[in-house]
1. Could you give the alpha-carbon Rg of region 25-67 over 2.2 N^0.38 Å, rounded to two decimals?
2. Say a paramagnetic label sat at a point 7 Å from the Cα of residue 34, along Cα to Cβ; which residues of region 47-90 have their backbone N under 18 Å from it?
3. In nanometres, what is the gap between the two model label sites at residue 79 and residue 130, each 7 Å from Cα along Cα-to-Cβ?
4. Give me the base-10 log of I(q)/I(0) for region 1-78 at each q in 0.25 Å⁻¹, Debye formula, one uniform scatterer per Cα, rounded to two decimals.
């Protein structure tokens, strides 16, 4: 895994049967959690900055003697009146990471077709659509913040209706990854800052 571990996959991004050797989920998650965070950070930082970060990561973990700017990126930083929580941070008793949300979304999307139901061990059949929408929107909020819509956007997926209310009126001092990089150009010069084109549920999910 890259800058995350199994402890990040809890609550709405918990992986079913991860402790079962027969499910193969643990092995598959390890592959996804090594690939997807790297790809996302490459898109966000660009090749030069990502190479600098990657040179200070060993076995998926930021080394203790890493440059302070990379510790800030991974662990969070308070600057001025703003707070960047970090790529991987503790929230109460839970570990939270936008990298884990991004990894989980791809894992669940590739594992199950949206046209079929998931049957977890000792659980009733469930449809993953609602969970995927929530996970994707949470990821976007941490990664690039939210956009403005003049009116609510209504999407219907597999018979379920979702209403999006996005606004740039944010009284919170917490910033997204994209905003943190923009605010600190000396430490992170010329990042690529890839942004996802749409925050609508249907477009974001490709459904």
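Values quoted throughout were computed directly from the atomic coordinates according to the rules given, and no laboratory measurement underlies them. Owing to the predicted nature of the structure, the values given are computational and were not obtained by experimental measurement. Note that we place each Cβ from the backbone using ideal geometry, even for glycine, and neighbour counts take in every protein chain shown.
1. That works out to 1.25 for region 25-67.
2. Those under the cut-off are 54-63.
3. Label at residue 79, label at residue 130, 4.0 nm between them.
4. Here the Debye-derived log intensity ratios amount to -1.20.
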